[in-house]
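J.: First the structure, which I've put down as structure tokens, then a few questions once you've had a look.
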Amino acid sequence: MDEPKPLGAKIHMTATCIDNFISDYLSKHFNSEMTAMEGMTLKFIYKAGKPVSARDIMNFTSLSKATTSQTLSSMVKKGLIVMKEKESDKRAKTIELTSKGHATIDEFCSCFEDITRICEEGFTPEERTQLTYLLEKMRNNVSIERK
């Protein structure tokens, strides 16, 4: 008989499955060549309601500086965002949505509402709350900031 997989392995497999589902769903139902991470970044910038920095996005997504930079570069090429130098510090940049980014956000959010509904299908509100708590607990266990 096979030994049960460790919980971390099960979560990793689930995350991969969800990531694949999101990518497939977006490619079939979203009229843009945007990745899920670009969409989530777009939504973060939109919800901020003001220009944000790459550091703000890194803190929100927990992605590395390199991955955040790649995501932002791709979004600039697609015309979804602009990066502007700050007057006070020419090395620092603020990130804002373009008109194309604003036009894209509603469709993306609608798609992600569908994705969320499908992923959470069959869960009671209590189960969603418990799962959120348990996943956050595991993230804290493996957090880089952990001392």
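The values are calculated or read from the model by the stated rules, or taken from the named source; none is laboratory data. Since the structure is predicted, the reported quantities are computational estimates derived from the model, not experimental observations. Don't worry about glycine lacking a Cβ; one is built from the backbone with ideal geometry, like all the others, and counts go over all protein chains shown.
J.: So which residues in the range 16-37 are loosely packed, with under 12 Cβ neighbours inside 10 Å, over 12 Å from Phe108 (Cα atoms) and charged (D, E, K, R), if there are any at all?
T.: Asp24, Lys28
J.: Which of the numbered conditions does Met75 fail, given that it passes all the others? Conditions: (1) closer than 20 Å to Phe112 by Cβ; (2) exposed (fewer than 15 other Cβ atoms within 10 Å of the Cβ); (3) touching a strand residue (DSSP E or B) at 6+ places or on another chain (Cβ under 7 Å).
T.: Failing condition for Met75: (2).
J.: Of the residues in the range 84-118, how many are part of a helix (DSSP H, G or I), free of Cβ contacts under 8 Å to residues at least 60 places away in the same chain and of a type in the set (Asp, Glu)?
T.: 2
J.: Would you check if Glu96 is among the acidic types (Asp, Glu), at pLDDT 90 or above and either farther than 24 Å from Ser53 by Cβ or surrounded by fewer than 12 Cβ atoms within 10 Å (Cβ to Cβ) (or both)?
T.: Spelling it out, it is not the case that Glu96 is among the acidic types (Asp, Glu), at pLDDT 90 or above and either farther than 24 Å from Ser53 by Cβ or surrounded by fewer than 12 Cβ atoms within 10 Å (Cβ to Cβ) (or both).
J.: Tell me yes or no: at least one residue of the range 119-132 is in contact (Cβ under 8 Å) with a residue 24 or more places away in the chain, part of a helix (DSSP H, G or I), under 28 Å from Asp24 (Cβ atoms) and in contact with a Lys or Arg (Cβ under 7 Å, 6 or more places away or on another chain).
T.: Looking through the range 119-132, none of the residues is in contact (Cβ under 8 Å) with a residue 24 or more places away in the chain, part of a helix (DSSP H, G or I), under 28 Å from Asp24 (Cβ atoms) and in contact with a Lys or Arg (Cβ under 7 Å, 6 or more places away or on another chain).
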